[in-house]
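Q: First, the structure itself, so that you have it in front of you.
The values are calculated or read from the model by the stated rules, or taken from the named source; none is laboratory data. On a predicted model such as this, the values are computed, not experimentally measured, just so you know. Reconstructed Cβ throughout: ideal geometry from the backbone, glycine too, with neighbour counts over all protein chains shown.
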Amino acid sequence: MGFPTANLSLAEADGPPFGVYAVLARVGGHCYAASASWGRRPHFDNGRPLLEVHLLDFEGDLYGCDLEVEFVARLRGEQIFSSTDALIEQIAIDVRTTRSILSNIGAFM
């Protein structure tokens with residue numbers, strides 16, 4: 001869908017309320033602004049909870065890397081979309097909002 005993610009399985013009790021968040025992601029000694037979806041992916045399968053983290057301005061392979069995620073701000077709750085295109089449009093909005101929130105607090109760089 002154009003937004004690669006690191007997918008992390010967590011126990012439901014280990015996360016905040018389901019939704020989309022602006023987060024900081026630390027990997028390999030670097031801190032990245034990131035957008036994260038935490039929940040059951042109701043648009044697709046409503047399955048087991050999954051944390052999907054999209055690191056902004058990151059290129060590379062995260063397989064086998066330790067990833068630390070710090071939740072900064074909740075953007076919205078989980079929702080079902082009328083189409084996959086509508087979901088992709090919302091993800092783009094979420095990424096722009098994340099970038100704005102995290103750049104305003106100077107939390108990364």
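Q: Does GLU68 satisfy the condition of being of a type in the set (Asp, Glu) and surrounded by 15 or more Cβ atoms within 10 Å (Cβ to Cβ)?
A: Values: of a type in the set (Asp, Glu): yes; surrounded by 15 or more Cβ atoms within 10 Å (Cβ to Cβ): no.
Spelling it out, it is not the case that GLU68 is of a type in the set (Asp, Glu) and surrounded by 15 or more Cβ atoms within 10 Å (Cβ to Cβ).
Q: Could I ask something else about it? Looking at the stretch 82-102, I want the residues that are at pLDDT 95 or above and have a partner that is polar (S, T, N, Q) with Cβ atoms under 6 Å, at least 6 apart or on another chain. Which pairs are those?
A: ASP94/SER35; VAL95/SER35; THR98/SER35
Q: Going through the stretch 39-65 one residue at a time, which ones are surrounded by 16 or more Cβ atoms within 10 Å (Cβ to Cβ), of a type outside the set (Lys, Arg) and more than 20 Å from ILE105 (Cβ to Cβ)?
A: Of everything in the stretch 39-65, those that are surrounded by 16 or more Cβ atoms within 10 Å (Cβ to Cβ), of a type outside the set (Lys, Arg) and more than 20 Å from ILE105 (Cβ to Cβ) turn out to be GLY39, HIS43, PRO49, LEU50, LEU51, GLU52, LEU62.
Q: Further question: Spot the failing condition for ASP85; the list is (1) among the charged types (D, E, K, R); (2) within 16 Å of the chain's Cα centre (by Cα); (3) farther than 18 Å from PRO16 by Cβ; (4) exposed (fewer than 11 other Cβ atoms within 10 Å of the Cβ), and only one is missed.
A: With (1) among the charged types (D, E, K, R); (2) within 16 Å of the chain's Cα centre (by Cα); (3) farther than 18 Å from PRO16 by Cβ; (4) exposed (fewer than 11 other Cβ atoms within 10 Å of the Cβ) applied to ASP85, the lone miss is (2).
Q: Also, quick follow-up: For a quick check of your reading of the model, give me the residue pairs whose first member lies in the stretch 14-28 and is touching a residue at least 24 places away in the same chain (Cβ under 8 Å), whose second is among the aromatic types (Phe, Trp, Tyr) and assigned to a strand (DSSP E or B), with beta-carbon atoms closer than 6 Å and at least 6 apart or on different chains.
A: Cβ pairs passing all conditions: GLY15/TRP38; PRO16/PHE71; PHE18/TRP38; TYR21/PHE71; VAL23/PHE71; ALA25/TYR32.
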